[in-house]
Amino acid sequence: MADELALDLEELRQLQGIAKRPRTVSIISSEIRNLEKLSNDAAVAAATSRTPPPISTSTKVVSNPALTYATLGSFSWDQDNDKVKIYVSLEGVAEEKIEAEFKTQSMDIKFHDVQGKNYRCAIPKLNKEIVPEKCKVVVKPTRVIVTLFKASKGNWMDLHFKEDKLKPTVDKERDPMAGIMDLMKNMYDEGDEDMKRTIAKAWTDARSGKGVDPLKGYR
């Protein structure tokens with residue numbers, strides 16, 4: 001097709017050179033412009049078809065489960081009303097070799113190839129919730145600073161979540177007598193012969209209503 005267009009253009013230009021009447025020259029010039037446009041479009045299409053597709057230079061980092069990590073369990077931290085800062089003493093850290101994962105109530109930071117070793121600093125359950133998208137890791141010459149932004153303002157008593165051991169656990173389904181029975185059974189199993197005789201007698205009297213109220217003790 002390109003060869004045919006070239007021949008047509010050459011012939012039209014020859015006719016344009018010998019034409020005398022203005023209308024004839026105008027018609028020939030218009031057709032030459034049309035053919036030139038078609039010729040250029042055909043050339044661009046041919047060049048595009050010969051151009052190989054671009055090669056992607058981006059590299060996808062694939063996590064290697066075979067890697068081993070030394071745990072960084074010792075670090076310092078402080079806080080203000082809005083955020084918590086964790087200071088990890090570690091030299092030779094490259095920022096591009098840090099893999100940080102922040103979740104609503106956890107953090108997991110991996111430091112790869114630090115003087116030939118891999119390190120990990122993780123807290124599986126933080127004291128309170130954080131804002132993952134605002135948290136960040138900053139590398140300094142001799143340490144790494146992890147900043148956690150609190151989801152709600154306030155003071156943290158610890159970095160790690162801890163159950164309130166002072167809060168009693170109430171089992172509404174449990175029979176109140178069951179606790180007394182378990183206690184007496186343990187005392188009976190662990191006691192000497194005198195203790196066993198005393199408990200056996202007390203329990204017998206309690207069941208017959210004579211001497212012991214299991215909920216209040218000896219009468």
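The values are calculated or read from the model by the stated rules, or taken from the named source; none is laboratory data. A quick note: this is a predicted structure, and the numbers were derived from the prediction, not measured. Quick reminder, even Gly has a Cβ in these numbers, built from the backbone with ideal geometry, and neighbours come from all protein chains shown. In case anyone asks, the SASA skips ligands and DNA or RNA and just uses the protein heavy atoms, side chains included. Shrake-Rupley method; radii C 1.70, N 1.55, O 1.52, S 1.80 Å.
Points worth noting:
- Amide H to amide H, with H built 1.01 Å from N, Asn127 comes under 5 Å of His160, Phe161, counting only residues 5 or more places away or on other chains.
- Note, ³J(HN,Hα) from phi for the range 146-151, Karplus 6.51, -1.76, 1.60, rounded to Hz, x at Gly and Pro: 9, 10, 10, 9, 5, 5
- Stretching the chain fully between Glu129 and Ile18 yields a gain of 31.2 nm (0.36 nm per residue, less the alpha carbon separation).
- Residue-count net charge about Cys135 - beta-carbon cut-off 13 Å; Lys, Arg +1, Asp, Glu -1: +1
- Sequence-ordered 3J(HN,Hα) estimates for the range 88-99 from the Karplus curve with 6.51, -1.76 and 1.60 and θ = phi - 60° stand at 10, 7, 7, 9, x, 8, 9, 4, 6, 10, 9, 10 Hz, glycine and proline given as x.
- Residue-wise HN-Hα couplings along the range 106-114, as the Karplus relation 6.51 cos²θ - 1.76 cosθ + 1.60 with θ = phi - 60° gives them from phi, are 7, 9, 8, 10, 10, 10, 9, 6, 9 Hz; Gly and Pro carry x.
- Most to least accessible of His160, His112 (protein chains only, probe 1.4 Å): His160, His112
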